[in-house]
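Below is one structure, written out as structure tokens, with a few remarks after it.
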Amino acid sequence: DMGHTREEGRRLVAMDQPLTLAFLPYRPFTKQLASLAHQQHKEIMLHAPMANTRNIGLGPGGLTPDMDEQTLAVTLRRALQSIPYVSGVNNHMGSLLTQQLQPMDWVMKELNKYPVYFVDSRTIANSIAGSVADAYKIPSLTRDVFLDHEQTEEFVDLQFKELIKTAKEK
């Protein structure tokens, strides 16, 4: 969820690791940190805010099921264009939107206009986002391990160990 805080963002950008960083659109430090990350040879993604089943606010650039096709496409296009050096997109939240065929079709129809890949964060088991991306032949992946849905250092550490185990298996 890059773009909110400068110092945390700078620490991630400075890591001597091949990281892909996901930036929320229109946040105070998104443009600055994305440019810095690009200079440090980091990959940049749009972390596209999508409607969720808990009605948690999306902030600017959010995609919701009440949008018509044109509004959704323009909102997504502007979010993509607001972040420099974007090579991929994933959903931020999205447990509601990623279950719905029509909005996900509109999302992928717009993404298909750009040389980007899509990662389904799979915030809900019934997500169809990855399969809709596949139907558009957009390069896509689906998350295997969710790292931080519980915000404690101990939990994230356990999830990170699970991530490493899964990566080695695959």
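Can you name the residue in the range 5-24 that is closer than 18 Å to Val86 by Cβ and part of a loop (DSSP other than H, G, I, E, B) and, of all such residues, is least open to solvent (accessible area, probe 1.4 Å)? Before the answer, list the steps.
First, the residues of the range 5-24 that are closer than 18 Å to Val86 by Cβ: 9, 12-13, 18-24.
Add one more test, that the residue is part of a loop (DSSP other than H, G, I, E, B), and what stays is 18-19, 24.
On the way: Pro18: 124, Leu19: 48, Leu24: 2 Å².
Taking the candidates together, the pick is Leu24.
Only residues that are open to solvent by 20 Å² or more (accessible area, probe 1.4 Å) and within 14 Å of Gly94 (Cα to Cα) were counted across the range 25-46, and they come to 0.
Could you pull out the residue among Ser95, Ser121 that is out of contact with any Gly (no Cβ under 9 Å at 6 or more places or on another chain), closer than 17 Å to Leu58 by Cβ and either of a type in the set (Gly, Ala, Ser) or at pLDDT below 90 (or both)? Full working, then the answer.
Values: Ser121 fails: out of contact with any Gly (no Cβ under 9 Å at 6 or more places or on another chain).
Among Ser95, Ser121, only Ser95 is out of contact with any Gly (no Cβ under 9 Å at 6 or more places or on another chain), closer than 17 Å to Leu58 by Cβ and either of a type in the set (Gly, Ala, Ser) or at pLDDT below 90 (or both).
For the range 91-109, the tally of residues that are crowded, with 18+ Cβ neighbours inside 10 Å and closer than 18 Å to Lys137 by Cβ stands at 4.
Of all the numbered requirements in (1) under 13 Å from the mean Cα position of the chain (by Cα); (2) modelled with pLDDT under 95, Val89 misses one, and that requirement is (2).
Out of the residues in the range 60-90 that are of a type in the set (Val, Ile, Thr) and more than 27 Å from Ala125 (Cβ to Cβ), state the one that is surrounded by the most Cβ atoms within 10 Å (Cβ to Cβ).
Restricting attention to the range 60-90, the residues satisfying the condition of being of a type in the set (Val, Ile, Thr) are 64, 71, 74-75, 83, 86, 89.
Still in the running and more than 27 Å from Ala125 (Cβ to Cβ): 71, 74, 83, 86.
Details: Thr71: 13, Val74: 12, Ile83: 26, Val86: 21.
Among those that are of a type in the set (Val, Ile, Thr) and more than 27 Å from Ala125 (Cβ to Cβ), it is Ile83.
The values are calculated or read from the model by the stated rules, or taken from the named source; none is laboratory data. Everything numeric in this text was worked out from a predicted model, so none of it was measured. All Cβ positions, glycine included, derive from the backbone under ideal geometry; neighbour counts span all protein chains shown. What goes into the accessible areas is simple: the full protein's heavy atoms, side chains included, and nothing from ligands, DNA or RNA. Shrake-Rupley method; radii C 1.70, N 1.55, O 1.52, S 1.80 Å.
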